[in-house]
2 protein chains.
Amino acid sequence: MSEPVVVEVGLGTRAYEILIGPGLLERAGAEIVKRLPGARAAIVTDENVAAAQLQRLKDGLAEAGIEPAVIVLPPGEKTKNFEALQEVVDGVLAARLERGDAVIALGGGVIGDLAGFAAGIARRGMNFVQAPTSLLAQVDSSVGGKTGINSPRGKNLVGVFHQPKLVLADTVALDTLPLREFRAGYAEMAKYGLIDRPDFFAWLEKNWQEVFSGGPARIEAIAQSCRAKADVVARDEFEQGDRALLNLGHTFGHALEAAVGYDGARLVHGEGVAIGMALAHRFSTRMNLASSDDAARVEAHLKAVGLPWRMADIPSDLPDAEGLLSFIAQDKKVKRGALTFILTHGIGKCFIAKDVPASEVLSFLKENLPA
Amino acid sequence: MSEPVVVEVGLGTRAYEILIGPGLLERAGAEIVKRLPGARAAIVTDENVAAAQLQRLKDGLAEAGIEPAVIVLPPGEKTKNFEALQEVVDGVLAARLERGDAVIALGGGVIGDLAGFAAGIARRGMNFVQAPTSLLAQVDSSVGGKTGINSPRGKNLVGVFHQPKLVLADTVALDTLPLREFRAGYAEMAKYGLIDRPDFFAWLEKNWQEVFSGGPARIEAIAQSCRAKADVVARDEFEQGDRALLNLGHTFGHALEAAVGYDGARLVHGEGVAIGMALAHRFSTRMNLASSDDAARVEAHLKAVGLPWRMADIPSDLPDAEGLLSFIAQDKKVKRGALTFILTHGIGKCFIAKDVPASEVLSFLKENLPA
Ligand SMILES: NC(=O)c1ccc[n+]([C@@H]2O[C@H](COP(=O)([O-])OP(=O)(O)OC[C@H]3O[C@@H](n4cnc5c(N)ncnc54)[C@H](O)[C@@H]3O)[C@@H](O)[C@H]2O)c1
Ligand SMILES: NC(=O)c1ccc[n+]([C@@H]2O[C@H](COP(=O)([O-])OP(=O)(O)OC[C@H]3O[C@@H](n4cnc5c(N)ncnc54)[C@H](O)[C@@H]3O)[C@@H](O)[C@H]2O)c1
Ligand SMILES: [Zn+2]
Ligand SMILES: [Zn+2]
């Protein structure tokens, strides 16, 4: 294979590399041994990914003499729960892995978040390697060390910061990803453009078809996204400031995910983010912060790539505006009662807005909910 | 009340104070507000401590206008499990506490470890305050940020490092602690002398009666212990080196606790540590590392204060030597198959011994198990 693109995540003693390119699963053993000599390993994955990609990773590990324990979970957002966490931790301990050994997440963001959390708490912190197989995981969830599970009280409310030692983003692994999931990951990619890289957003408007079909533009877009995320993470590892910008679209998005009961048949995470980003731009327009043209441009692009962009695009009923607002208020980006949103002055000009009046959000939701 | 003794835990941005003295629960609200202005709070405690000490803490918080949520769990080591963890996390989220609010552990080491872990993972890390009410918790578990629960695979195998913002060691709270538990905590106190403070051990040999009966010697002994622990923690927060010295007596001790199924009626943690320390000294003698006189002095002191000091002191049957060894091998202080023990060259001269041959340990256990 050709040499992978390397993106550095600059976190001092916790710095690590993201490798991006085709064929990295076959090379996983060599890359891991280089960084963690002598480590044993456990792979955490889900049933879909096990069927599509597990053998490639096992072969790649075997070449370096690593015979991993394998823990396979049901696919889907519902797997990010306490019981699955306990199962993964127990599997890792049952394999008698030690702190210096590696937990490898092979899968999308669900597996990455869950396995990373388990690696963060088993023996109070073990080595962790991300092998993201969904586009969303490659451009977003595998980078930055946020791990966690959902609570009945809300999404991602339980977890730790636990940085991986290495991220292996095998771009060939995306070939078995369902188109709908690819699109969902694309939403997070577009997000980096919308936050503070207007040129990248414009580039995506031109090149999105090639990103979807594969080839150099795809690798380039993934690398750009990882660089964007790594920059933010390096500035604010523990989300005390800037990092919150990455939540563009997520406050609305999480509320919608919660509203459909995390039912992936109706809405997957990236789709919630797509609608959330469109709503954040439209709400910014309503607050006289951004031009209506910019909001329309975002909506048009999401629509062009086949993403949902408004609440009416979610199949079947949603709660009313009050119901949605209460999901928003329980979301973790709430500080002493005031609502915090990521709003925008236009494409690539997002900012953190604290003290957004709940009443404005409520009226906005009423106007935008389908009748 | 008189001013409390203050011990600083020097951990840079994570530095905090341990306050030691009578009446600190009544003063808790004021001390918390000083450090975390505006914070709301949840108290985590167990049924015994709720009956004996909860009202004092609630009154102390009320004086500062804090009305806490209260989560009460069954007492005992068995409470350090995944279900209780989930219950505490859910209780904290149900109270809608945010990252800047405080989880307060009111209780012994079980509650401290569990509540600290919950605080470490709820919203990926909330403020945490320790109000230790057992002697063991005041001199050991509340200091240093190790939190966690047990796994069916072994003790404390799951957890995080999460430092408190404040430790309130109210020495009057110890008045309702059963004598047996007081003794168990005393074992950890003696441990600091045995590790590297021979003068403190000699002082305890002279003053232990006053430590048990109360008064200035008790406060002094607690403060000395906290200083000893804080020193080690400041040198090695994440247990990559020196901090392992604190495990003196714990490798044998944990194996014994596991062997009795964590049945506190037969063996509580500090008692396991007492026997473990005596065994570590005796084993060091057997390895020609320390004089037999020193081992005898340790045994005599433990016996004098009424602590168990040999495996024969544990009521009812233990597994055989092979069985005990397999508990030791599963303990977390194992690195790539070799056994790591804290051994000693004599009182106050402990060191970390890696590569201790399992065969020696096995023979030693065979010689020392009751027939
Ligand atoms: N930690 C973070 O910083 C962060 C950031 C963003 C999102 N997230 C989390 O990520 C999760 C969403 O991630 P996701 O969209 O990857 O979901 P996912 O892990 O559920 O994957 C989506 C679906 O694609 C399947 N799949 C994945 N890779 C495949 C492949 N190569 N071939 C065939 N099928 C494949 C999965 O089995 C699943 O059915 C959410 O839980 C979200 O909270 C975390
Ligand atoms: N985190 C660490 O660094 C660390 C260090 C040492 C021990 N530990 C852990 O600490 C635990 C043991 O702590 P422990 O011995 O305090 O056990 P514990 O918390 O079970 O307390 C012992 C008993 O005393 C009762 N109790 C506590 N305070 C009381 C009071 N003031 N009045 C009346 N009853 C009271 C409790 O209800 C319990 O029944 C173990 O789980 C051990 O693993 C942790
Ligand atoms: Zn996202
Ligand atoms: Zn202990």
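The values are calculated or read from the model by the stated rules, or taken from the named source; none is laboratory data. The shown structure was predicted, so the numbers you read here are calculated from the model rather than taken from an experiment. FYI the Cβ positions are ideal-geometry reconstructions off the backbone, even for glycines, and counts take in every protein chain you see. Surface accessibility is based on the protein's heavy atoms, side chains included, excluding ligands, DNA and RNA. Shrake-Rupley method; radii C 1.70, N 1.55, O 1.52, S 1.80 Å.
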Q) When you go through A:VAL92, A:VAL110, A:VAL129, A:VAL72 one by one, which is the residue that is in contact with an Asp or Glu (Cβ under 7 Å, 6 or more places away or on another chain), crowded, with 23+ Cβ neighbours inside 10 Å and more than 8 Å from chain B (Cβ to nearest Cβ)? A) A:VAL110
**Q.** segment B:219-237: number of residues that are open to solvent by 20 Å² or more (accessible area, probe 1.4 Å) and more than 16 Å from the chain's Cα centre (by Cα)
**A.** 4
Q: Could you list, in sequence order, all residues of segment A:207-237 that are basic (Lys, Arg) and under 17 Å from A:GLY306 (Cβ atoms)?
A: A:ARG218
Q: For segment B:326-348, state whether one or more residues are of a type outside the set (D, E, K, R), surrounded by fewer than 17 Cβ atoms within 10 Å (Cβ to Cβ) and under 18 Å from B:LYS191 (Cβ atoms).
A: yes
Q: Return a yes/no flag: does segment B:124-137 have any residue that is on the phi > 0 side of the Ramachandran plot and within 16 Å of ligand 1 (Cβ to nearest atom).
A: yes
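Suppose we keep only residues that are more than 14 Å from ligand 4 (Cβ to nearest atom) and farther than 18 Å from B:ILE71 by Cβ within segment B:132-153. Which one would you say is most open to solvent (accessible area, probe 1.4 Å)?
B:PRO152
Within segment A:44-54, can you find the residues that are within 11 Å of ligand 1 (Cβ to nearest atom) and aliphatic (A, V, I, L, M)? Quick ask: steps written out before the conclusion?
Of segment A:44-54, the ones within 11 Å of ligand 1 (Cβ to nearest atom) are A:45-54.
Hits for segment A:44-54 are A:VAL49, A:ALA50, A:ALA51, A:ALA52, A:LEU54.
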Q) Which residues, counting only those in segment A:147-162, are more than 7 Å from every other protein chain (Cβ to nearest Cβ) and not in a loop (DSSP other than H, G, I, E, B)? A) A:ILE149, A:ASN150, A:GLY154, A:LYS155, A:ASN156
Q: Scan segment A:174-194 and give yes if some residue there is free of Cβ contacts under 8 Å to residues at least 60 places away in the same chain, more than 16 Å from ligand 2 (Cβ to nearest atom) and among the β-branched types (Val, Ile, Thr), otherwise no.
A: no
Q.
Going by what's in this entry, would B:GLY100 be described as facing another protein chain (nearest Cβ under 10 Å), surrounded by fewer than 24 Cβ atoms within 10 Å (Cβ to Cβ) and within 16 Å of ligand 1 (Cβ to nearest atom)?
A. no
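Check B:LEU11, B:LEU57 and return the single one that is more than 16 Å from ligand 1 (Cβ to nearest atom), within 16 Å of B:SER134 (Cβ to Cβ) and outside the structural domain of B:ARG218 (by TED's automatic domain parsing). Walk me through it before giving the result.
Working: B:LEU11 fails: within 16 Å of B:SER134 (Cβ to Cβ).
On inspection, the qualifying residue turns out to be B:LEU57.
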Q. Does B:THR171 satisfy being within 14 Å of another protein chain (Cβ to nearest Cβ), of a type in the set (Ser, Thr, Tyr) and in contact (Cβ under 8 Å) with a residue 24 or more places away in the chain?
A. no
**Q.** Selection from segment B:64-94 of residues that are without any contact (Cβ under 8 Å) to a residue 60 or more places away in the chain and among the acidic types (Asp, Glu)
**A.** B:GLU67, B:GLU83, B:GLU87, B:ASP90
(Q) Out of the residues in segment A:223-251 meeting the condition of being within 12 Å of ligand 3 (Cβ to nearest atom) and of a type in the set (A, V, I, L, M, F, W, C), tell me which one is farthest from the other protein chains (Cβ to nearest Cβ). (A) A:LEU248
